[in-house]
1. Which of the following residues is of a type in the set (Ser, Thr, Tyr), modelled with pLDDT of 95 or more and not in a helix (DSSP H, G or I): THR66, THR73?
2. Residue check: is LEU122 of a type outside the set (Asp, Glu), touching a residue at least 12 places away in the same chain (Cβ under 8 Å) and more than 24 Å from GLY82 (Cα to Cα)?
3. It is to be established whether one or more residues within segment 176-190 are part of a loop (DSSP other than H, G, I, E, B) and either polar (S, T, N, Q) or within 17 Å of the chain's Cα centre (by Cα) (or both).
4. Looking for whichever is at pLDDT 95 or above and more than 10 Å from the chain's Cα centre (by Cα) here; the options are LEU49, LEU54. Which one fits?
5. Search segment 65-108 for residues being more than 14 Å from the chain's Cα centre (by Cα) and near the ligand (Cβ under 6 Å from one of its atoms), and hand back the single one that is surrounded by the fewest Cβ atoms within 10 Å (Cβ to Cβ).
6. Among ALA18, ALA53, which is surrounded by 11 or more Cβ atoms within 10 Å (Cβ to Cβ), farther than 24 Å from LYS93 by Cβ and in contact with a strand residue (DSSP E or B) (Cβ under 9 Å, 6 or more places away or on another chain)?
7. Can you tell me which residue within segment 30-41, out of those that are surrounded by fewer than 20 Cβ atoms within 10 Å (Cβ to Cβ) and not charged (D, E, K, R), is nearest to the ligand (Cβ to nearest atom)?
8. Quick one: how many residues across segment 171-197 are over 17 Å from ILE39 (Cα atoms) and either of a type in the set (Lys, Arg) or surrounded by 13 or more Cβ atoms within 10 Å (Cβ to Cβ) (or both)?
Amino acid sequence: MDENIRTQIDQYISALYAPEDDALQQIRHAPQQHDMPAIAIAAHEGRLLQMLALSVNAKKIVEIGTLAGYSGTWLARMLPPGGVLYTVEKSSKHAEVARQSFEQAGLSNRVEVLQGDAHDILQKLAASGPYDFVFIDADKTAYAMYLNWAADNLRPGGMVAAHNALRGGRVLAPQSDDDRAMAAFNRVLAEHPQLESTIIAVGDGMAIGIKKR
Ligand SMILES: C[S@@+](CC[C@H](N)C(=O)[O-])C[C@H]1O[C@@H](n2cnc3c(N)ncnc32)[C@H](O)[C@@H]1O
């Protein structure tokens, strides 16, 4: 699809189904204000995440890669009473900004920001599982490892979603280590024995897998 049409369609979906309130707008701008990379998901991808979490009745969610809390805010808002989002962030600065974001959005009571390398934090989180939904949006070269963790720690029927599955189309002809990592990740997901999977070609591609019963 022509890139210009694609952008207009994304904006059309966002305007209809994912209008941002003040809190989401502030959180989207927080990376600029705090000299952090502006690499959050788009609003229509946030709405897609909400629908995916809702479709599996998610009460316990793990997010890997918090940044300023933008995707976490979309997810946490969809939690039922008593639900919880554990969001894992390596950078202490990003984690601090995210805590402020969740506070501003009135979500601190249902979000735990866990600061540290996901490789360590996920080992600890395994003890509090199983989980209903896992969202992967961090270092691309570790996606396959995060996927295996999700497959082991989701309840049957639970879902894993991974952002940037298409890398702007570059998974077709990888140009960097991250592109190659995502192309490899997509193959691992497609053949994963514990998961039914596909890629939703919306935004930069949302790969999803549902744990087999
Ligand atoms: C693409 S951003 C996340 C964007 C966020 N999900 C959103 O849409 O609002 C990736 C984040 O993952 C964090 N990260 C990278 N490697 C990590 C690791 N090994 N463990 C935990 N977090 C990591 C980065 O510091 C960065 O904040």
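The values are calculated or read from the model by the stated rules, or taken from the named source; none is laboratory data. Since we're looking at a predicted model, the values are computed, not measured. Glycine also receives a Cβ, built like all others from the backbone with ideal geometry; neighbour counts cover every protein chain displayed.
1. Answer to the selection: THR66.
2. So LEU122 does not fit the description; no.
3. Residues of segment 176-190 that are part of a loop (DSSP other than H, G, I, E, B), as a first pass: 176.
Of the ones still in play, those that are also either polar (S, T, N, Q) or within 17 Å of the chain's Cα centre (by Cα) (or both) are 176.
Yes - at least one qualifying residue is present in segment 176-190.
4. One residue alone meets the criteria, LEU54.
5. The qualifying residue surrounded by the fewest Cβ atoms within 10 Å (Cβ to Cβ) is SER91.
6. Numbers: ALA18 fails: in contact with a strand residue (DSSP E or B) (Cβ under 9 Å, 6 or more places away or on another chain).
Criteria check complete, one pass: ALA53.
7. The qualifying residue nearest to the ligand (Cβ to nearest atom) is ILE39.
8. Here the count works out to 16.
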